[in-house]
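Enquirer: Before I ask anything, let me first share the structure, which is written out below as C-alpha cells.
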Amino acid sequence: MGAYRMWVELKMEKDFTFKLLFVVLFLGVFVAGGFCLEDADSDAVVYIVTLKQAPVSHLYGEEFRVKGHHHHNSKNHGSGNVSRLDKPSHISHKHAHNASSTSRMHNSLLRKVLRGEKYLKLYSYHYLINGFAVLVTPQQAFKLANTREVSNVALDFSVRTATTHTPQFLGLPLGAWAQEGGYETAGEGIVIGFIDTGIDPTHPSFSDNTPERHYPVPQHFSGICEVTRDFPSGSCNRKLVGARHFAASAITRGIFNTSQDYASPFDGDGHGTHTASVAAGNHGISVVVAGHHFGDASGMAPRAHVAVYKALYKSFGGFAADVVAAIDQAAQDGVDIINLSITPNRRPPGVATFFNPIDMALLSAVKAGIFVVQAAGNTGPSPKSVSSFSPWIFTVGASTHDRVYSNSIVLGNNITIPGVGLAPGTDSMYTLVMASHALNDTAANDMYVGECQDASSFNQTVVQGNLLVCSYSVRFVLGLSTIKQALETAKNLSAAGVVFCMDPFVIGFQINPTPMRLPGIIIPSANDSKILLQYYNSSLDQDEVTKKITRFGAVASISGGLKANFSLSAPNVLFYSARGPDPEDSFLDDADILKPNLVAPGNLIWAAWSSGGMDSVEFEGEDFAMMSGTSMAAPHVAGLAALIKQKFPNLSTAAIGSALSTTASLSDKYGGPILAQRSYANPDSNQSPATPFDMGSGFVNATAALDPGLIFDTGYSDYMSFLCGINGSAPMVRNYTGESCGASTMSGTDLNLPSITISKLNQSRTVQRTLINIAANETYVVGWSAPYGASIKVTPARFFVACGQQQVLNVDFNATMNNSSPSFGRIGLFGNQGHVINIPLSVIVKISYNTTNS
C-alpha cells in the first residue's frame with residue numbers, strides 16, 4: 001500500500017490563495033460499505049465546505065443555546081430512532097425550521113454548482129459552522145471553492161484516540177467535594193459531552209438508580225438518544241442523557257466494519273466508556289477485574305450528566321468530518337463541557353495550525369459558552385510534539401499519580417527480581433520450567449512456541465504444578481500474542497503460575513500491569529530476564545549423551561501484585577505526554593501560546609470498560625480496565641471543570657481555564673519539584689525538573705481551583721484579534737468565521753491568558769495582564785523570577801483589589817543576552833487571605849542590544 005500527497009493551489013476570486021492537500025491512496029480495490037457507490041468517481045474524497053453566511057449560534061447566541069435546539073439534518077450518520085426519554089418537549093419549532101431550511105439551502109447550492117454531476121452530501125452543519133461535508137472529486141471541490149457563497153473548502157483528515165484512587169490523590173473527598181456538599185451533589189446540573197468511541201450504557205458507572213435523591217435531566221439540555229439493535233430503548237436515563245453516532249465519512253471510504261464498530265452509540269472499543277467514567281462516573285462502584293477487587297471507583301464529578309457523541313471507532317480511528325458533526329451536535333444540544341480525548345494524525349497545514357475545521361468549530365463552541373478540554377497527545381517527550389494548538393482549547397498533558405502496582409519474583413539463589421502483573425502470589429517455592437523444555441513429541445516446529453499460545457504443544461506432565469516460563473517478544477506488543485492466551489495455556493496445563501521473560505529485542509517498551517487469575521509476573525527488563533535465565537540454565541541436569549533434561553533444579557516464588565504501593569514523589573510528567581512549545585504552523589515556528597495548559601493523572605488509571613471493548617485484549621470481558629495516556633488525563637480536568645461550572649455558573653470558559661491554571665501545583669507530594677521523564681527507554685532514570693513546556697502551569701489542584709481568588713478572562717473577540725494578527729491570516733479568518741479582520745489585532749503574548757509566552761524577545765517588551773477578583777477584598781504582594789537571559793519587572797508590586805474589581809499588571813521584559821534556548825520564570829501573586837496566583841513565563845529566543853554594532 002502506497003500513498004503520496006500533492007499540494008494544489010487554487011486561486012480564488014478575491015485575490016487570495018486557497019490550498020487543498022490531496023491525499024492519494026493506492027488501496028488496490030475500493031469497497032464501499034454502507035453506501036451504494038458503484039457509480040461514484042474513483043477519485044472522489046470527502047471535503048468539509050464552509051459557507052460565508054453565519055451559523056445559527058452566531059445569530060442567536062447564548063439565548064438559543066440555553067433554550068434548546070434540534071439536531072442538524074444529516075445523512076447516514078446514524079441508523080437509529082430516537083428514544084422518547086431524551087426528546088425534550090421544549091425544543092423550539094422555529095429553531096427546528098432553521099436546521100431544515102439550512103439543510104435545504106445546502107442541497108440547493110450543491111445542485112446549482114454540480115449540475116447533473118454525482119456527489120454525496122454526508123452532513124449539514126448549521127449550529128457552530130454553516131457548511132456541509134460532501135463526497136466529491138477534486139475538480140468538483142474546485143468548482144465549490146470558486147462559488148460566491150463558499151468561503152472555505154478543506155480536505156477531510158483522520159484523527160485518533162490519544163479510576164479508583166485519583167479522587168483521593170487529587171484531594172476531592174475532603175476538599176472540593178466536601179466544600180460543595182459531598183460527592184452526592186458533585187457536578188449536579190452540568191452536562192459533559194464526550195467526542196469519543198461511544199459508551200456501554202449497561203455499566204453501573206452510568207446508572208441513574210439513586211432513589212434517595214432527585215436527579216432531573218438539566219432543562220438546558222435537549223439532546224436525544226438513538227435507538228438501535230446495539231443500543232436499545234431505555235439505554236439512556238437521567239445520568240446518560242444523550243447518545244448519538246457519526247460515521248458518514250468513514251462509511252464512504254468503505255472501511256466501516258459493522259461487526260466491530262457498531263452503527264450505534266455503543267462502544268466497541270472501550271476508550272469512550274473509560275474516559276466518560278473518569279470524568280463523571282458514579283461514585284462507589286466496585287472494581288473487580290480477573291476475580292480480584294481493586295477498590296471502588298468514582299468520576300471527578302459523579303453527579304454530572306453524560307452525553308455521548310461517537311465519532312471514533314475501533315478499526316480505523318475517525319475523520320474530521322464526523323468529529324465536526326459531533327461537535328456541532330453537542331453544542332446544539334446544550335452541553336456545558338466538551339471532552340476530546342483525541343488528536344489529529346498530522347499537524348494541520350496552511351497559515352497556522354489553528355485554522356483547521358475542528359479547532360474552528362471549537363472556537364464557535366467556546367463563543368457559545370462551552371468549556372473545551374483536549375488531550376495533548378501521546379507523542380512526547382520531544383519538543384513541539386503537542387497536538388492541541390489553539391488558545392481557546394484547554395490542553396491537558398499526562399502525569400503519574402502516587403499509586404503503583406508492582407510485584408517480584410524471588411529465585412532459589414535469593415535474588416529478587418522486580419516485575420509487573422495484577423496477579424496473586426504463590427504460597428511457596430515452585431519449580432521453574434521453560435516452555436521450550438516442556439514440548440510434547442508432536443509439537444509443531446514453531447519458532448514462537450515459547451510464547452505459550454497453544455496448550456496442545458506442551459507436555460502437561462512436565463508443566464503441571466510448576467511455574468511455566470514463557471517468552472515475551474515483540475509479538476505481544478503487536479497483539480499477535482497475548483498474556484491472556486498464555487494464561488489460558490498455563491491453566492489448561494495445570495501450571496502453578498506463569499513467568500514472562502523479556503525478549504532482548506523488545507527495547508524501551510513500557511509494560512503496564514496486566515490482570516492475571518493465576519500467580520504470574522512479567523519481567524519488563526531484558527537484563528533482569530537474563531539473570532533469571534542464567535540461574536535457570538545453571539540449575540538444569542542433563543543426560544550427557546542424549547542431552548535430555550533429567551531434572552529441573554531452579555525454583556522461585558512470586559510475590560503478589562494485587563496490593564497497591566504509594567509513592568511520595570508523584571506527580572511526574574510522563575515520557576509520552578506531548579510537549580510544547582506550541583507549533584504555530586507546519587514549519588514548526590513557535591506560537592506565543594503556552595501548551596500544554598497543565599497536567600493531570602494519566603497513567604495506570606482504573607475506570608469503566610465496555611462489555612464489547614476490544615481496545616485492550618487483556619481486559620476483554622471485564623467491567624473495568626487500567627489504561628494510560630493523555631486520553632485519561634483530559635477527562636480528569638473535564639470533570640473538575642464541571643465542579644467549577646457548578647459553583648460559578650456565570651464564569652466564562654476562559655475564566656474556568658484560568659481557575660484551573662493559576663492554582664496548579666508546582667511541587668510533588670514530598671515538596672520537591674515536579675520532574676519530567678525525558679526518554680522513552682528507562683524513563684525513571686532520565687528525569688529532570690519539569691518546565692512549562694512539559695507541564696504548562698503545573699499539576700491540577702482540584703480544591704484550590706474552586707477558590708482561585710483572581711481570574712484572567714478572555715473572550716471571542718480577543719481570539720479573533722489574535723487570529724487576525726497572524727501574518728497572512730485574514731483570508732482564512734474570513735473563510736472560517738465569515739467575519740473580516742479589522743484594525744484591532746494582537747499577538748498571542750498579548751492575549752489575557754494566565755501565562756506569558758514570548759517566542760522572540762527582541763531587546764525589550766511590555767506585556768499587560770488584567771485580573772478580576774471573584775473572592776473577597778484582598779491585598780496582594782507580587783514576586784517573580786526572571787527567565788535566564790532576560791530581566792523582568794512587574795508593576796505594581798503590591799495592590800489592593802475589591803471583590804468584582806479589576807487590576808492591571810504591567811510586566812517589562814528585557815533581553816540581557818543573545819540566546820535561542822527556551823528559558824522560564826514565574827510571577828507569583830500572594831494574597832493576605834491565602835490566595836496564591838501562579839503565572840508561568842516562557843521566553844524562547846532572546847536578542848539583546850548589541851553595543852558593538854551600535
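Enquirer: Could you identify the single residue in V573, V555 that is among the aliphatic types (A, V, I, L, M), open to solvent by 20 Å² or more (accessible area, probe 1.4 Å) and in contact with a strand residue (DSSP E or B) (Cβ under 6 Å, 6 or more places away or on another chain)? Explain how you work it out, then say what you get.
Expert: Values: V573 fails: open to solvent by 20 Å² or more (accessible area, probe 1.4 Å).
Exactly one of V573, V555 is among the aliphatic types (A, V, I, L, M), open to solvent by 20 Å² or more (accessible area, probe 1.4 Å) and in contact with a strand residue (DSSP E or B) (Cβ under 6 Å, 6 or more places away or on another chain), namely V555.
Enquirer: Separate question: Which one is most open to solvent (accessible area, probe 1.4 Å), of the residues in the range 189-226 that are more than 30 Å from D359 (Cα to Cα) and of a type in the set (V, I, T)? Can you show your working first?
Expert: Taking the range 189-226 and keeping what is more than 30 Å from D359 (Cα to Cα), we get 202-205, 207-216.
Narrowing the set further to residues that are of a type in the set (V, I, T) leaves 202, 210.
Values: T202: 112, T210: 26 Å².
If we take residues in the range 189-226 being more than 30 Å from D359 (Cα to Cα) and of a type in the set (V, I, T), then T202 is most open to solvent (accessible area, probe 1.4 Å).
Enquirer: Still on this model: Name the residue that is surrounded by the most Cβ atoms within 10 Å (Cβ to Cβ), counting only residues in the range 481-505 that are over 29 Å from V287 (Cβ atoms) and among the hydrophobic types (A, V, I, L, M, F, W, C).
Expert: C501
Enquirer: Of the conditions (1) within 26 Å of F394 (Cα to Cα); (2) of a type in the set (S, T, N, Q); (3) not in a loop (DSSP other than H, G, I, E, B), S821 clears all except one; give me its number.
Expert: Failing condition for S821: (3).
Enquirer: Only one of R765, R769 is touching a Phe, Trp or Tyr at 6+ places or on another chain (Cβ under 6 Å), assigned to a strand (DSSP E or B) and either surrounded by fewer than 19 Cβ atoms within 10 Å (Cβ to Cβ) or of a type in the set (K, R) (or both). Can you tell me which? Steps first, answer last, please.
Expert: Values: R769 fails: touching a Phe, Trp or Tyr at 6+ places or on another chain (Cβ under 6 Å).
So the residue among R765, R769 that is touching a Phe, Trp or Tyr at 6+ places or on another chain (Cβ under 6 Å), assigned to a strand (DSSP E or B) and either surrounded by fewer than 19 Cβ atoms within 10 Å (Cβ to Cβ) or of a type in the set (K, R) (or both) is R765.
Enquirer: Which is open to solvent by 20 Å² or more (accessible area, probe 1.4 Å), among the small types (G, A, S) and modelled with pLDDT of 95 or more, of A790, A743, A775, A802? Outline the logic, then answer.
Expert: Working: A790 fails: open to solvent by 20 Å² or more (accessible area, probe 1.4 Å); A743 fails: modelled with pLDDT of 95 or more; A775 fails: open to solvent by 20 Å² or more (accessible area, probe 1.4 Å).
When all the criteria are applied, what remains is A802.
Enquirer: Specify the residue that is farthest from F699 (Cα to Cα); the eligible residues are those in the range 588-628 that are in a strand (DSSP E or B) and open to solvent by 20 Å² or more (accessible area, probe 1.4 Å).
Expert: Initially, the range 588-628 is screened for residues in a strand (DSSP E or B), giving 590, 598-601, 605-608, 624-627.
Among the residues that remain, those that are also open to solvent by 20 Å² or more (accessible area, probe 1.4 Å) are: 590, 627.
Working: D590: 23, M627: 19 Å.
Applying the filter and picking the extreme gives D590.
Enquirer: Among residues belonging to the range 810-841 that are touching a Leu at 6+ places or on another chain (Cβ under 6 Å) and among the small types (G, A, S), point out the one that is nearest to A775 (Cα to Cα).
Expert: Among those residues, the one meeting the criterion is G825.
Enquirer: Right, next: In the range 327-347, what residues are open to solvent by less than 10 Å² (accessible area, probe 1.4 Å) and either under 28 Å from K384 (Cβ atoms) or assigned to a strand (DSSP E or B) (or both)?
Expert: Result: I327, I337, I338, N339, L340, S341, I342, T343.
Enquirer: Something else now. If you check D543 against the conditions, is it more than 18 Å from the chain's Cα centre (by Cα), among the charged types (D, E, K, R) and buried (at least 24 other Cβ atoms within 10 Å of the Cβ)?
Expert: Details: more than 18 Å from the chain's Cα centre (by Cα): yes; among the charged types (D, E, K, R): yes; buried (at least 24 other Cβ atoms within 10 Å of the Cβ): no.
So D543 fails the test.
Enquirer: Kindly indicate whether D718 is open to solvent by 40 Å² or more (accessible area, probe 1.4 Å) and closer than 26 Å to K647 by Cα. Working first, answer last.
Expert: On the way: open to solvent by 40 Å² or more (accessible area, probe 1.4 Å): yes; closer than 26 Å to K647 by Cα: yes.
Against the criterion (open to solvent by 40 Å² or more (accessible area, probe 1.4 Å) and closer than 26 Å to K647 by Cα), D718 qualifies.
Enquirer: Residues being within 28 Å of the chain's Cα centre (by Cα), assigned to a loop (DSSP other than H, G, I, E, B) and modelled with pLDDT under 95: count how many of those fall in the range 391-449.
Expert: Total satisfying the criteria: 5.
Enquirer: All but one of (1) within 23 Å of Y313 (Cβ to Cβ); (2) at pLDDT 90 or above hold for S158; state the number of the condition that does not hold.
Expert: For S158, the failing item is (2).
Enquirer: Give me the pairs, please: first residue somewhere in the range 253-264 and farther than 25 Å from V136 by Cβ, second residue anywhere and among the basic types (K, R) and surrounded by 15 or more Cβ atoms within 10 Å (Cβ to Cβ), beta-carbon distance under 7 Å, and either six or more positions apart or on two chains.
Expert: Every condition considered, the pairs that remain are Q260/K314.
Enquirer: Limited to the range 630-664, what total is found for residues that are open to solvent by 30 Å² or more (accessible area, probe 1.4 Å) and not in a loop (DSSP other than H, G, I, E, B)?
Expert: The number of residues fulfilling the criteria is 2.
Enquirer: If a residue must be part of a loop (DSSP other than H, G, I, E, B), at pLDDT 90 or above and either among the aromatic types (F, W, Y) or closer than 15 Å to P571 by Cβ (or both), how many such residues does the range 672-690 contain? Let's see the steps before the verdict.
Expert: Step one: filter the range 672-690 for residues part of a loop (DSSP other than H, G, I, E, B), giving 672, 674, 678-682, 686, 690.
From what's left, at pLDDT 90 or above: 672, 674, 678, 686, 690.
Of the ones still in play, those that are also either among the aromatic types (F, W, Y) or closer than 15 Å to P571 by Cβ (or both) are 672, 674, 690.
The total comes to 3.
Enquirer: Take the range 805-821 and flag every residue that is open to solvent by 10 Å² or more (accessible area, probe 1.4 Å) and not aliphatic (A, V, I, L, M). Before you say what the answer is, go through the steps one by one.
Expert: Narrowing the range 805-821 to residues open to solvent by 10 Å² or more (accessible area, probe 1.4 Å): 805-808, 810, 812, 814-821.
Answer for the range 805-821, where residues must be open to solvent by 10 Å² or more (accessible area, probe 1.4 Å) and not aliphatic (A, V, I, L, M): Q805, Q806, Q807, N810, D812, N814, T816, N818, N819, S820, S821.
The values are calculated or read from the model by the stated rules, or taken from the named source; none is laboratory data. As the structure is a prediction and not an experimental result, all values here were calculated from the model. Cβ sites come from the backbone with ideal geometry, for glycine too, and all protein chains shown count toward neighbours. Side chains are part of the model used for accessible areas, which takes the heavy atoms of the whole protein and leaves out ligands, DNA and RNA. Shrake-Rupley method; radii C 1.70, N 1.55, O 1.52, S 1.80 Å.
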